[in-house]
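Input: a single structure, listed below in structure tokens.
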Amino acid sequence: MRIRNPWPVAIFRLVAVLVVCGLAGWAGGYPVVGLLVGTAGYLGWQMRNLVRLERWLRKGRRIHPPQSQGLWEVIFDNLYRLQRRHRVRRQRLATLLRRFKESANAMPDATVVLRGQGEMQWWNQSATRYLGLRWPQDEGQRVANLLRHPDFAAFLQEADYRRAIKVPSPVDERIVLEVRIVPYGDNQRLLLGRDVTRLHRLETMRRDFVANISHELRTPLTVIQGMAETLAEYGVTDVDELRGSLDMVQQQTRRMGRLIDDLLLLSRLETGERPLESNTVNVPSLLRGLAEEARTVSAGRHEITLEVDETLRLSGDENELRSAFSNLVNNAVKYTPDQGRIAVRWFQQGEEARVEVSDSGIGIPPHHIPRLTERFYRVDSGRTTSSGGTGLGLAIVKHVLSRHQGQLHITSQPEHGSTFTCSFREFFRIDGEQTGPRSAGRPARASTATATRS
Ligand code: ADP
């Protein structure tokens, strides 16, 4: 039972002891001695309890408090209760701290607690990954010593924490971090670093794209504008000259139209907004049509040959495949000087079916080849823009092929020519009238028909 106020009982006990001892002493003829004995006994009892208290506190908080009575029972009881409350609170705090650390560690953003002059006090695992911080070696180090970038130094100096800055990660230059500092508490700061590499790349791509497209559209517009101004200023003096100018205007508007068509196609392919149609594509007949068109464009300037395996088919979207193959054939015509040779082939090679367009044209220096499928990438912008190309052809080829699980392979030798090969692992053959998928990799049938024309 809990005693509310132990003092009246304690005083009563002291008085009772003194009275009993005093009376006993008085009965024996020595009342003072009796009182002294009573006082000494009382003090001894107090001392004993003090010794037990000291031993209990020294031996640790886990053992139960000593048993006692009266005032000392209350003291032991209250101390024990305080200790228990304190222990529960500490455990709760430790759990809270553990949970905070766990959640901070699970955060994908680098988080560093800074104090005073920017000394690092604590950080999470993402900070170790993105900033290369080592525990415990870097504890107490100034963050500016580890994130050594002039922009970051200026950012710290400025102390305008409303804005964020972008800096490369000290661990890997290719990773771009958006760093922000949040002040809190008593001169404490939290440094947050978010990986924005993808976003940064997209932003750069968007900027480049806008710059490229503006340039591409401005070129034909400048020509058209020039013509219009000349006509407005001098009028029509010569009909032949007017015809020439109108031809030029038509050429430039066609180019702008092609550019817009290619852009729309590329955007449809990239967003994948239209699901891929999966029909049987008669590749031999498709390539025959393209070769015919190429011959018309070439107007006898090139020797164009076609060699196709008549039973080999693809399943996919005919329009998309036509765009891809026609870009390759048209490029061959564009980049092959007069009297050059262009060969278009459709055949099975091992486990793949391949469309191969090779030419004896100007060729491509090796270092350009990995970048050819980038939008607006050109080997020689002067020469290719004059040939009317949009710079999007090979980007379209790449996207169409990836939608058909195909791959583009380019080999080229400057001054000798290039070969563009589209390989597909999923294809099939037809047997006479019957159509049916065959597993890739079966040996080609002997009924291969070859059509060669020039
Ligand atoms: P473009 O519309 O400029 O032809 P493409 O994306 O089709 O754009 O081609 C990208 C670049 O690759 C071209 O500008 C050209 O420099 C180069 N190229 C493409 N095909 C050939 C080829 N058959 N021979 C030489 N260079 C080529």
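Throughout, read-outs are computed from the coordinates displayed, never taken from laboratory work. This one's a predicted model, so the numbers in the text were calculated from it and none came from an experiment. Glycine also receives a Cβ, built like all others from the backbone with ideal geometry; neighbour counts cover every protein chain displayed.
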Helix-only mean residue ellipticity at 222 nm, the chain, DSSP H runs n ≥ 4 weighted -39,500 (n - 2.57), per residue, nearest 500. What is it?
-17000 deg cm²/dmol
note: the chain, Cα-Cα separations exceeding 32 Å make up a percent value of 67 percent
From the square roots a ≥ b ≥ c of the eigenvalues of the alpha-carbon gyration tensor of region 107-195, which class results: rounded (a/c under 1.5), prolate (a/b over b/c), or oblate?
rounded
Rounded to the nearest 10, the angle in degrees between the Cα long axis of helix 197-234 and the longest principal axis of the Cα atoms of the chain comes to 40 degrees
Answer rounded, prolate or oblate for region 221-354, using the Cα gyration tensor with square roots of eigenvalues a ≥ b ≥ c: rounded when a/c is under 1.5, else prolate when a/b is larger than b/c, else oblate.
oblate
Place +1 on the Cβ of every Lys and Arg and -1 on the Cβ of every Asp and Glu in the chain, take the dipole about the Cα centre, and give the residue among Ser169, Pro65, Val20 whose Cα lies farthest towards its positive end.
Val20
Enumerate the whole-percent occupancy of each 5 Å bin, from 0 to the last occupied one, for all C-alpha pair distances of region 201-270.
3, 15, 18, 19, 14, 11, 9, 6, 4, 2, 0
Longest site-free stretch - the chain; sites: GluC sites (Glu not before Pro), DSSP loop, at most 11 other Cβ within 10 Å:
1-172
Inter-label distance for Arg206 and Thr230, nm, one decimal - labels placed 7 Å from Cα along Cα-to-Cβ
4.0 nm
Label Glu270 and Ala159 with points 7 Å out from Cα along Cα→Cβ: what is the distance between them in nm?
4.4 nm
Least to most buried among Asp208, Asp138, Asp186, by other C-beta atoms within 10 Å and fewest first, runs Asp186, Asp208, Asp138
Once each part is reduced to its C-alpha centroid, what is the distance from region 264-334 to region 1-45 in angstrom?
117 Å
From the convex hull of the Cα coordinates of region 1-136, what is the mean projected area in square nanometres?
14.2 nm²
Counting other beta carbons within 10 Å of each Cβ, put Cys422, Cys21 in order, fewest first.
Cys21, Cys422
Over the chain, relative contact order from alpha-carbon pairs under 8 Å, at least 6 apart, %
9 percent
Leading residue at positive end of dipole, the chain (Cβ point charges), from Thr230, Gln46, Ser103:
Gln46
